[in-house]
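Computed from the coordinates by the stated procedures, all read-outs in this text should not be read as laboratory data. Quick caveat: nothing in here was measured; it's all calculated off a predicted structure. Heads up, the Cβs are rebuilt from the backbone with ideal geometry, glycines too, and the neighbour counts pull from every protein chain shown.
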Amino acid sequence: MMFQDKVAVVTGASRGIGRAIALALANQGAKLVLSARSLAALDDTLAAVKAAGAEAVPVAADVSIEADARSLVAAAVENFGRVDILVNNAGITRDTLLLRMSEQDWDTVLDTNLKGAFFCTKAATKFMSKQRFGRVINISSVVGEMGNAGQANYCASKAGLIGLTKSNARELARRNVTVNAITPGFIATDMTEALPEKKREELTQQIPLGRLGSVDDIAESVVFLASDRAAYITGQVLGINGGMYM
Ligand code: NAD
């Protein structure tokens, strides 16, 4: 049990990668604040986390609204007395070619993926700094490193998250708060399930390890970065992409 007495906030915990992260932290004894935009969406994750023996509180929050982001951290502090681990996982896509991309397509994606992480980190690290302990893990994307046609908004948000990670890592290191990013490649989730079969096959051909990643591939790395084993790692970008980008 790596996280007994540790409290984690996971955004976008209702499904996919966020759900797997919540469960992996629960399996290591963490107490959890689970967040998604609606409470009903969290039922399944909440049941799984409780079945693993963890204490958990579900909170409906839109991370792109600062008051909501603050309420997540407040839920951790009010229910469990502290906040040790923040996983900024909530993310969306609004893919289209640049010339068709509306201002709203741009703003919605940047507001959720980048501003949301800024708001949650600002709220959580206020407490982490006082505690002299914290782990912030930002779920970016391989396309934030390499770009992707039709995803200018998404790639910009994920590249921005890497800059946010490094700046926050420098700023918070003296308080023993580490900040790292994970850049998943193509992971089998609802997000990639939405792609046409032919597109998925083309993508798989670009991956040296010859398969899409699993949500557990990402969750295990979050557990590592949140653990004492990663105490001397900060400001880093961990690519988990089957070798598709090196
Ligand atoms: P998903 O669509 O299955 O889940 C996204 C989660 O984010 C949901 O719980 C949703 O409720 C939540 N969410 C969306 N907007 C929100 C908002 N404004 N406020 C709060 N919560 C919000 O996605 P996924 O595939 O599990 O991806 C999770 C993260 O990993 C995302 O940040 C995504 O960009 C990133 N990622 C995914 C892949 C992939 O292949 N699936 C690859 C690279 C990076």
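Does a label point 7 Å from the Cα of residue 201, set along Cα-to-beta-carbon, have any residues of region 207-246 with amide nitrogen under 16 Å, and which are they?
207, 211-212
Give a quick list of trypsin sites (Lys or Arg not before Pro) in region 53-151 that DSSP marks as loop, anything other than H, G, I, E or B, with at most 15 other Cβ atoms within 10 Å. Each step should come with its number before you reach the end.
Details: sites: 70, 82, 94, 100, 115, 122, 126, 130, 132, 135; in loops: 82, 94, 132.
In loop regions of region 53-151 (DSSP not H, G, I, E or B), the sparsely surrounded trypsin sites (Lys or Arg not before Pro) are 132.
Return one number: the angle in degrees, 0 to 90 and rounded to the nearest 10, between the long axis of the Cα atoms of helix 152-172 and the longest principal axis of the Cα atoms of the chain.
30
Would you mind checking 115/158; 6/115; 158/199; 31/122 for any pair whose Cα atoms are more than 18 angstrom apart? Mind showing how you got there, number by number?
On the way: 115/158 11 Å; 6/115 26 Å; 158/199 22 Å; 31/122 21 Å.
Too far apart for the 18 Å limit: 6/115; 158/199; 31/122.
Using 0.36 nm per residue of separation minus the Cα-Cα distance, give me the extension gain between residue 148 and residue 79 in nm, one decimal. Spell out each step's value before the answer.
Working: separation 69, 0.36 × 69 = 24.84 nm, distance 4.13 nm.
20.7 nm is the gain from fully extending residue 148 to residue 79.
Mind telling me which of 92, 218, 17 comes out most flexible in a GNM of the chain, alpha-carbon contacts under 10 Å?
92
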